Protein chains: 2
Amino acid sequence: MLIVQKFGGTSVGDLERIQIVASRVSESKKAGNDVIVVVSAMSGETNKLVQYAEHFSSNPSRADMDMLLSSGERVTASLLSIALNEMGFEAVAMTGRKAGILTNTQHTKARIEDINPTAMKKEIDAGRIIVIAGFQGVNENGDVTTLGRGGSDLSAVAIAGALKADLCEIYTDVSGIYTTDPRIEPKAKKLDKISYDEMLELSSLGAKVLQNRSVEMAKKLNVNLVTRTSFSNEEGTLITKEENIMEAPLVSGIALDRNQARISLVGVKDRPGIASDIFNKLAQNDINIDMIIQTKAYDGSTSIDFTVPVNDIKDAKDVVDSFIKTGEIKGDSYNEDICKVSVVGVGMKSHTGVAALAFSTMADNNININMISTSEIKVSMIIDEKYAELAVRGLHGAYELDK
Amino acid sequence: MLIVQKFGGTSVGDLERIQIVASRVSESKKAGNDVIVVVSAMSGETNKLVQYAEHFSSNPSRADMDMLLSSGERVTASLLSIALNEMGFEAVAMTGRKAGILTNTQHTKARIEDINPTAMKKEIDAGRIIVIAGFQGVNENGDVTTLGRGGSDLSAVAIAGALKADLCEIYTDVSGIYTTDPRIEPKAKKLDKISYDEMLELSSLGAKVLQNRSVEMAKKLNVNLVTRTSFSNEEGTLITKEENIMEAPLVSGIALDRNQARISLVGVKDRPGIASDIFNKLAQNDINIDMIIQTKAYDGSTSIDFTVPVNDIKDAKDVVDSFIKTGEIKGDSYNEDICKVSVVGVGMKSHTGVAALAFSTMADNNININMISTSEIKVSMIIDEKYAELAVRGLHGAYELDK
């Protein structure tokens with residue numbers, strides 16, 4: 001098998017941890033696999049460099065930042081290669097450039113555009129372990145770029161895709177994806193397998209493990225992704241395509257998103273295109289709208305309710321105010337004390353009654369549902385935030401996820 | 001003017017020092033110059049990385065070490081560029097690769113083979129300050145290399161040569177080259193100007209400031225080199241070609257080298273080629289011989305005396321022992337308690353009596369001269385180490401270097 005293993009900052013947090021990572025990599029190699037390792041900077045290093053930069057400027061050039069920030073991963077990659085060689089394995093360290101990771105020119109948040117696997121293939125064919133500095137690539141001008149948050153995961157997934165690796169293992173300090181947040185429901189169980197789409201819908205459960213960007217790339221490149229911990233030998237969670245999951249459960253997990261706010265507009269002028277005008281203007285301001293409900297009251301006036309991430313409230317209010325000024329909206333109200341609970345599962349596609357069970361569970365717990373949205377594999381409900389834990393535990397039990 | 005300014009590890013030792021360097025660079029720019037800056041890693045950083053590597057292996061791969069060690073200079077270069085931009089100057093950071101520093105493939109002690117100045121010229125033409133990570137280049141395989149000890153100085157000199165810069169300023173914590181070591185002779189004076197050849201002969205005086213490798217490259221590329229301190233505005237010492245020094249003094253300085261040992265061989269077999277055999281074998285073992293004296297005693301037996309760096313004594317003894325075994329050398333003795341004092345000056349070329357004054361000064365101070373060697377611009381004497389300071393002060397006064 002060809003395996004790509006990615007180790008995050010806490011997994012390579014100090015010299016002892018790097019030695020442990022070397023042992024783990026060597027186990028995979030000894031088991032007969034070809035191994036490519038992608039590493040992050042030692043935890044704290046990137047923050048230190050950011051602080052250094054902030055000492056000089058609140059607005060440093062992005063190209064300078066990329067040259068600065070890309071150094072941390074190079075250190076870890078070199079050290080891990082040195083450790084592996086000392087253990088008797090042939091290993092070679094590579095920068096993102098050497099590994100052939102070609103990006104666009106968007107410094108500090110570059111997108112991977114192509115992978116030139118020539119150098120990697122040569123080393124793999126020679127039987128060597130490759131240790132690659134994650135988070136970085138090179139643009140068409142020959143300048144180093146970095147990939148933004150979760151960049152090392154992207155490096156690993158892109159490399160796994162380009163080399164058609166059998167597996168891409170993402171090692172963190174979390175052992176996998178759970179049916180729900182174990183801090184809320186201690187009965188939460190680790191999932192063995194989950195589909196890309198479910199993972200994307202459950203992103204709040206995996207937020208600290210995997211960014212959606214990486215899951216989306218894995219889906220696109222058909223990369224079998226495993227998230228597992230580097231702190232034990234515990235098996236992780238395989239994220240793969242739906243066809244690879246033989247017996248998909250009805251529901252895979254319950255996600256909770258506290259980062260939602262509800263905006264209610266009343267007395268919205270009854271003219272064609274008014275909703276489109278409002279939401280276009282919100283979109284132009286990079287405000288992500290999640291759910292939308294439009295209702296007509298008995299008196300003929302229109303109300304529009306929608307949800308936005310809490311951080312976007314201020315920007316959204318500016319947009320709303322511009323319509324209030326022109327008289328096209330009469331009043332507005334904002335509520336941050338809400339949350340979104342979602343029931344997610346590919347099994348829903350072929351079963352009925354899944355949504356009904358969610359609603360009745362809310363009713364049984366005396367929780368009022370403010371808004372509802374559904375997709376093929378998800379039922380999401382907006383409820384008052386104070387009921388968040390109650391709702392998660394109720395749904396977790398109702399769908400028998402603790403069994 | 002086009003000025004290359006190189007700042008060593010102590011000059012960029014912390015964020016405050018980097019800010020001071022930024023001010024100094026900006027002064028040169030504001031004075032109307034084009035400025036290229038070459039920086040070392042923050043002091044302590046490279047040692048820290050070496051220690052990290054040693055944690056894993058006593059014999060790490062040199063390619064891995066280069067990827068590891070080249071990261072420190074990148075951090076400093078990025079930070080200095082960020083600081084300059086914040087001050088309102090247009091600056092751009094470059095790696096050794098981007099600056100076009102092409103080396104051979106000798107990892108950890110690569111030689112600069114060529115400079116491709118295209119990228120640098122473009123930025124200079126655009127009026128930008130360039131900040132380059134010193135100590136590093138790229139080899140024909142596209143791998144990062146480092147240049148070994150004093151590597152950042154070499155980067156600076158090579159760049160100054162390639163761009164025909166008017167001046168290459170090497171900033172350290174020492175204010176320049178003195179007529180002799182001020183710790184021995186407090187009356188020592190800083191030299192305004194000195195020729196390349198004198199500097200090479202005086203290397204013990206400049207050892208902490210400039211390595212011979214950089215001076216040799218400056219001579220070859222005809223680069224006007226200035227060593228000065230980044231801790232004050234004091235003028236430094238210009239190292240330039242002899243023709244640029246209008247009124248060369250008879251003697252420029254007195255150098256002291258305590259790192260010498262004398263090896264005496266007696267009863268050396270009287271056969272043709274014996275000396276050549278001995279010194280060839282020493283050379284094969286990378287032992288640097290400085291002075292050699294061969295004498296024939298009245299009894300017809302040959303003695304050979306020579307000096308080596310103290311660190312090479314053990315290796316030299318192994319070579320000598322191999323000749324003692326075959327009976328071609330009867331006896332050997334080793335003396336580390338010697339030193340070499342040298343009187344250096346291009347003015348000697350056209351004056352007589354310079355050596356005679358050195359010898360009579362020794363005599364006046366009752367110092368016995370063990371060995372003598374002379375060149376066009378130098379008189380060196382091996383004396384007992386206990387007389388080192390006395391000899392230096394005596395010569396310094398005799399040649400009126402304190403005037």
Can you tell me which residue in the range A:83-118 is surrounded by the fewest Cβ atoms within 10 Å (Cβ to Cβ), limited to those that are of a type in the set (A, V, I, L, M) and within 10 Å of chain B (Cβ to nearest Cβ)?
A:87
Within the range A:216-242, residues of a type in the set (D, E, K, R) and either within 17 Å of residue A:188 (Cα to Cα) or in a strand (DSSP E or B) (or both) come out as A:228, A:234, A:235
Would you mind stating whether residue B:350 is of a type in the set (Gly, Ala, Ser) and surrounded by 17 or more Cβ atoms within 10 Å (Cβ to Cβ)?
no
Only one residue in A:224, A:244 is in contact with a helix residue (DSSP H, G or I) (Cβ under 9 Å, 6 or more places away or on another chain) and within 20 Å of residue A:346 (Cα to Cα), so which one is that?
A:224
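Listed here are the residues, each with its yes/no results for (1) closer than 24 Å to residue B:260 by Cα; (2) surrounded by 14 or more Cβ atoms within 10 Å (Cβ to Cβ); (3) free of Cβ contacts under 8 Å to residues at least 24 places away in the same chain.
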{"site": "B:326", "(1), (2), (3)": "no, no, yes"}
{"site": "B:335", "(1), (2), (3)": "yes, yes, no"}
{"site": "B:340", "(1), (2), (3)": "yes, yes, no"}
{"site": "B:346", "(1), (2), (3)": "no, yes, no"}
{"site": "B:358", "(1), (2), (3)": "yes, yes, no"}
{"site": "B:365", "(1), (2), (3)": "yes, yes, no"}
{"site": "B:368", "(1), (2), (3)": "yes, no, yes"}
Looking at B:70, B:57, B:61 in this structure, which one is within 23 Å of the chain's Cα centre (by Cα), under 18 Å from residue A:82 (Cβ atoms) and surrounded by 16 or more Cβ atoms within 10 Å (Cβ to Cβ)?
B:70
Scan the range B:8-16 and tell me whether some residue there is crowded, with 24+ Cβ neighbours inside 10 Å, in contact (Cβ under 8 Å) with a residue 24 or more places away in the chain, in contact with a helix residue (DSSP H, G or I) (Cβ under 6 Å, 6 or more places away or on another chain) and assigned to a helix (DSSP H, G or I).
no
Among the residues of the range A:380-389, write down those that are crowded, with 19+ Cβ neighbours inside 10 Å and within 23 Å of the chain's Cα centre (by Cα).
A:380, A:381, A:382, A:388
Can you find a residue that is under 20 Å from residue A:190 (Cβ atoms), surrounded by 16 or more Cβ atoms within 10 Å (Cβ to Cβ) and among the charged types (D, E, K, R) anywhere in the range A:390-403?
yes
Selected residue (criterion: farthest from residue B:136 (Cα to Cα)) from residues of the range B:18-72 that are among the basic types (Lys, Arg) and within 12 Å of chain A (Cβ to nearest Cβ)
B:48
Among (1) under 19 Å from residue B:230 (Cα atoms); (2) hydroxyl-bearing (Ser, Thr, Tyr); (3) crowded, with 19+ Cβ neighbours inside 10 Å, which single condition is residue B:43 missing?
(3)
Suppose we filter A:144, A:157, A:174, A:138 for residues that are more than 20 Å from residue A:32 (Cα to Cα), within 18 Å of the chain's Cα centre (by Cα) and at pLDDT 95 or above; which single one remains?
A:157
Any pair with Cβ under 6 angstrom, 6 or more apart, that starts in the range A:18-33 at a residue that is more than 12 Å from residue A:87 (Cβ to Cβ) and in contact (Cβ under 8 Å) with a residue 40 or more places away in the chain and ends at one that is among the hydroxyl-bearing types (Ser, Thr, Tyr) and in a helix (DSSP H, G or I)
none
Identify all residues within the range B:102-115 that are assigned to a strand (DSSP E or B) and aliphatic (A, V, I, L, M); write none if there are none.
B:102, B:112, B:115
So, of the residues in the range B:73-82 that are at the interface with chain A (Cβ under 8 Å from one of its Cβ atoms) and more than 25 Å from residue A:81 (Cβ to Cβ), which turns out to be surrounded by the fewest Cβ atoms within 10 Å (Cβ to Cβ)?
B:82
Restrict the check to the range B:177-186 and report whether at least one residue is among the hydrophobic types (A, V, I, L, M, F, W, C), more than 19 Å from residue B:341 (Cα to Cα) and either part of a helix (DSSP H, G or I) or under 20 Å from the mean Cα position of the chain (by Cα) (or both).
no
Would you check if residue A:135 is on the phi > 0 side of the Ramachandran plot and away from every other protein chain (no Cβ under 11 Å)?
yes
Can you tell me which residue in the range A:208-255 is modelled with the highest pLDDT, limited to those that are over 25 Å from residue A:162 (Cα atoms), small (Gly, Ala, Ser) and out of contact with any strand residue (DSSP E or B) (no Cβ under 7 Å at 6 or more places or on another chain)?
A:232
Being over 17 Å from residue A:11 (Cα atoms), surrounded by 24 or more Cβ atoms within 10 Å (Cβ to Cβ) and in contact with a strand residue (DSSP E or B) (Cβ under 8 Å, 6 or more places away or on another chain) is the requirement here; does residue A:132 meet it?
no
Total residues in the range B:260-283, condition closer than 15 Å to residue B:321 by Cβ and within 24 Å of the chain's Cα centre (by Cα)
1
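The values are calculated or read from the model by the stated rules, or taken from the named source; none is laboratory data. Fair warning: this is a prediction, and the values are worked out from it, not measured in the lab. Because the Cβ atoms are built from the backbone with ideal geometry, glycine has one as well, and the counts that use them run over all protein chains shown.
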